[in-house]
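Input: a single structure, listed below in structure tokens.
The values are calculated or read from the model by the stated rules, or taken from the named source; none is laboratory data. Quantities reported herein were computed from a predicted structural model and do not represent experimental measurements. Cβ atoms come from the backbone with ideal geometry, glycine included; neighbour counts cover every protein chain shown. These accessible areas exclude ligands, DNA and RNA; they are computed on the full protein's heavy atoms, side chains included. Shrake-Rupley method; radii C 1.70, N 1.55, O 1.52, S 1.80 Å.
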Amino acid sequence: MPEKVAMAAVEPVGIPTPDTLIKRALALVPVLREREAATCDAGQVSAQTIQDFTDAGFFRVLQPARFGGYEMAPDLYCSISRILAEGCMSSAWVYGVVAVHNWQLALFDARAAEDVWGTDSDVRISSSYMPCGKVVRVEGGYRLSGRWAFSSGSAHCDWVILGVHIPSPDGGAPDPCNFLVPRSDYTIIDTWDVMGLRGTGSNDIVVEDAFVPDHRIIREMDMFELNCPGHAVHQASLYKIPFAQLFNRTVSTTSLGSLKRALDVFIEGMRTKRATYTGLKLASDSTIQEAVAEVVLTLDDMELRLARDLAELSDRAARDDWSDERRAALGLSTTTMVSRCVKAIDLLMQFSGGKAIYRGNVVQRAFLDIHCARAHVANNPYPYARNFGAMAFGAPNDCYDI
């Protein structure tokens, strides 16, 4: 582990309370709804929305105090994401993904945070963790080239974290790592033409032979083993949570907010809607009533589970008490959430009628957005379920993304 680096602490001015941050998120919900259509059409969250999130202090929730952050609990961060998704899931997705990088940066060598925030603590970071890069070892670091997809919110960021497999010198298994690269060393290619989460601007990143110094590289195994270079400087228990346990909730939580909004709109619409041929009120249809009950229970189950899991993450981090068994269970818990939301939104879409196929329909948009969220690798429950089930029968942990 590198020696501690002397850094001048930046004291945040006027840290808001968690209640204040929640109120600010709630106040933005109607604003995000007004902007949602334009956001989807543009394929990007607007600069004004990013500024609103910045002014509200949302990006600082998980950011280290040394760089003006609030170092607040993950449950607040997830609550903000969920609430914002009731306004626009694309906007909430960009918030969640970009904000979690302010937490991850604290895990890097401390000099990396100086590089990013040394003169401006509002600088933002995007990512693409798929290991697409090719590297060549040189003195002091690596030369990096490659193309990465799905970098959400990248247009609003000045740095990017990229996944790379560093080849083993003896021909063994490669070492998965994350490389931190400045905006001057990569190009954003506009490829984002998709059916859902259309406003996330999750475009491609291209790097051509850029030098990345060793202090801007972090091993994924160090994040798994909670033995990160940044722990020497950023010692709050917040940074002793396994990386995947927090990141995976970043890409699952927004589906809860989107589903809740769709349910509210569905119920309100059904209050006066009548069947086309019989004229009977659809609100009296027992099948529709049962569908509503099922979705309400799904939301309740998922919100209770999320609150329970986040409380456990914070508690275990504070006590430095982790086991593979609990990590496997917590990993499975979050990766199943979006699949549950998919089943629930499918029910609402099924009973929404012909008008729901028109673009702009709230239930349809939630349907598309949640299905796209399920396509994220971190929301695929099957590897986590197999690992958890095998461990229950005495097999060793076979998943290092928990």
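Some points to look at:
- Top-ranked residue of the range 326-346 - restricted to ones that are among the polar types (S, T, N, Q) and in a helix (DSSP H, G or I), ranked as nearest to Arg365 (Cα to Cα): Ser339
- Criterion violated by Ala328 - all others in (1) of a type in the set (A, V, I, L, M, F, W, C); (2) open to solvent by less than 30 Å² (accessible area, probe 1.4 Å); (3) farther than 22 Å from Ala73 by Cα; (4) at pLDDT 95 or above satisfied: (3)
- The single residue among Val363, Val342, Val338 that is modelled with pLDDT of 95 or more, among the β-branched types (Val, Ile, Thr) and either surrounded by fewer than 20 Cβ atoms within 10 Å (Cβ to Cβ) or farther than 30 Å from Arg35 by Cβ (or both) turns out to be Val342.
- Lone qualifier among Gly163, Gly196, Gly146 - being of a type outside the set (D, E, K, R), open to solvent by less than 30 Å² (accessible area, probe 1.4 Å) and in a loop (DSSP other than H, G, I, E, B): Gly196
- Selection within the range 202-244: residues that are more than 20 Å from the chain's Cα centre (by Cα) and acidic (Asp, Glu). The member of this set that is surrounded by the most Cβ atoms within 10 Å (Cβ to Cβ) is Asp222.
- Any pair with Cβ under 7 angstrom, 6 or more apart, that starts in the range 157-172 at a residue that is among the aliphatic types (A, V, I, L, M) and ends at one that is part of a loop (DSSP other than H, G, I, E, B): Val160/Tyr186; Ile166/Pro174
- A single member of Gln51, Gln44 is of a type outside the set (Ser, Thr, Tyr), assigned to a loop (DSSP other than H, G, I, E, B) and open to solvent by 10 Å² or more (accessible area, probe 1.4 Å), and it is Gln44.
- Met302 meets each of the listed conditions (1) surrounded by 15 or more Cβ atoms within 10 Å (Cβ to Cβ); (2) free of Cβ contacts under 8 Å to residues at least 60 places away in the same chain; (3) of a type in the set (A, V, I, L, M, F, W, C); (4) farther than 21 Å from Trp93 by Cα apart from (4).
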